[in-house]
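Below: one structure, written as structure tokens.
The values are calculated or read from the model by the stated rules, or taken from the named source; none is laboratory data. Just so you know, these numbers come straight off a predicted model, no measurement behind them. All Cβ positions, even for glycine, are placed from backbone atoms using ideal geometry, and neighbour counts span all protein chains on display. Accessible surface is based on the protein model in full, side chains and every heavy atom, while ligands, DNA and RNA are left aside. Shrake-Rupley method; radii C 1.70, N 1.55, O 1.52, S 1.80 Å.
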Amino acid sequence: MDYTRATLSRRHVLTAGAALAATACSPRGNAGIGGPRIWGPPAGPSIILALAAQDGLLQQAFPEASIAAWRSPDELRAGLTSGSMQISVMPLNTAANLYNRGQDIRLFNIMTRGLLYIVSDNEVLSDIPSLAGLRLAVPYRKDAPDIILRRLLDHHGLDPDSDLTVRATGSPVEATQLLLTGQVDAAFVPEPAVSAVIAAASVMGRHLERKIDVQSAWQDIAGSDASLPQAGLAVLGQFHDEHADEFSRFGPALVEATRRTLSSPGDAAHAAASTFHLPAPILEASIPHSNLVSVSATQARDEVQAYFSAIHTLDTDILGGRLPDDGFYL
């Protein structure tokens with residue numbers, strides 16, 4: 001199906017802000033009927049899942065599966081610990097921490113090589129050192145955005161408690177609201193919140209832009225060829241073992257869904273809009289900036305371990321005291 005590229009109207013922007021906030025407060029998605037519920041954040045990797053469901057690719061592996069959104073990293077951890085969430089897209093550091101603390105959780109694949117940006121209209125801001133003296137909003141204290149930011153600041157010799165003002169927020173949309181209302185100079189947020197706040201600012205007559213591509217900034221730490229494998233799909237080990245045949249089909253299905261998402265972002269955005277109640281134009285605008293991939297955990301092991309090594313030096317407790325061993329990778 002072909003869709004005409006939609007304009008980011010004021011209605012779309014207002015709907016995006018309300019929907020992002022609502023998604024952060026209540027679970028979204030299709031109710032499962034006898035099949036597994038596959039969870040994810042309202043962000044790029046979940047767009048792949050939504051398209052896989054719409055196009056029947058998901059059903060080739062799990063005929064009665066459904067898609068739903070988790071509200072926060074705390075809800076995600078609670079669901080994994082209780083066993084109510086068996087499969088979910090999540091930050092890799094969360095999966096590794098739970099694994100190292102004895103949770104039966106394994107990494108199935110990676111689904112993005114980073115979708116974080118520092119958004120601002122500050123003319124001085126151009127790189128991590130130029131954050132000195134600024135007010136920066138960052139969602140999810142002690143979770144992936146905050147961890148990555150602090151590792152970047154540490155690399156450049158900046159103290160987050162004295163060299164700049166870091167405002168922790170409970171969600172990306174809260175961080176962007178602080179930016180729009182002038183309470184901070186910049187926001188460190190993931191897509192699609194980035195695309196939503198840029199569009200919202202445009203409606204208000206402001207010109208916000210992606211001042212710093214965090215994925216590029218990460219290469220200052222890890223090398224010019226390094227990636228930022230921020231999130232992927234993880235699964236409870238027992239569930240994976242009980243459904244090995246289904247998972248053998250699930251991997252190729254996600255590879256194909258990723259290809260279709262990148263080649264037809266309009267289709268993918270419309271599929272995800274109905275699942276996550278976000279405007280399709282916002283989601284479509286976010287896809288080119290979300291670095292979406294579908295690479296098996298085994299194939300991605302070296303880049304994941306390099307990422308883990310980089311954040312492990314900041315605080316060993318981030319990963320539960322050590323880098324995960326080979327058993328973590330499916």
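Listed values, structure above:
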read-out	value
For the chain, share of DSSP beta bridges that run antiparallel, in % to the nearest 5	60 percent
In nm, spacing of pseudo-spin labels at Q219 and D326 (7 Å Cα→C-beta vector)	3.2 nm
Residue of A201, A234, A193 that the Gaussian network model of the chain assigns the largest fluctuation, springs spanning Cα pairs under 10 Å	A201
Summed residue charge, Cβ within 12 Å of L57's Cβ, Lys/Arg positive, Asp/Glu negative	+1
Gaussian network model of the chain, springs between alpha carbon atoms under 10 Å - residue of R259, R101, R301 with greatest fluctuation	R101
Distance from the range 213-278 to the range 281-330 (C-alpha centre basis), Å	11 Å
S263 accessible area, assembled protein chains, probe 1.4 Å, Å²	70 Å²
Simple spin-label estimate for S82 and R249 in nanometres, 7 Å along Cα-Cβ	3.0 nm
Sequence of H156, H207 when ordered by accessible area, the most exposed leading, probe 1.4 angstrom	H207, H156
Cleavage-rule hits, trypsin sites (Lys or Arg not before Pro), the range 115-167, DSSP coil, Cβ neighbours within 10 Å at most 16	R141, K142
Rounded D (µm²/s) - the range 78-158, Kirkwood Rh over Cα pairs, Stokes-Einstein at 20 °C, 1.002 mPa s	142 µm²/s
Estimated 222 nm signal from helices in the chain, with DSSP H stretches of n ≥ 4 weighted -39500 (n - 2.57), rounded to 500	-13500 deg cm²/dmol
Label selected from (1) -0.60, -0.85, -1.23, -1.35; (2) -0.67, -0.86, -1.16, -1.27; (3) -0.54, -0.79, -1.26, -1.43, the criterion being log10 I(q)/I(0) by the Debye sum over Cα atoms at q = 0.10, 0.12, 0.15, 0.16 Å⁻¹ as computed here	(3)
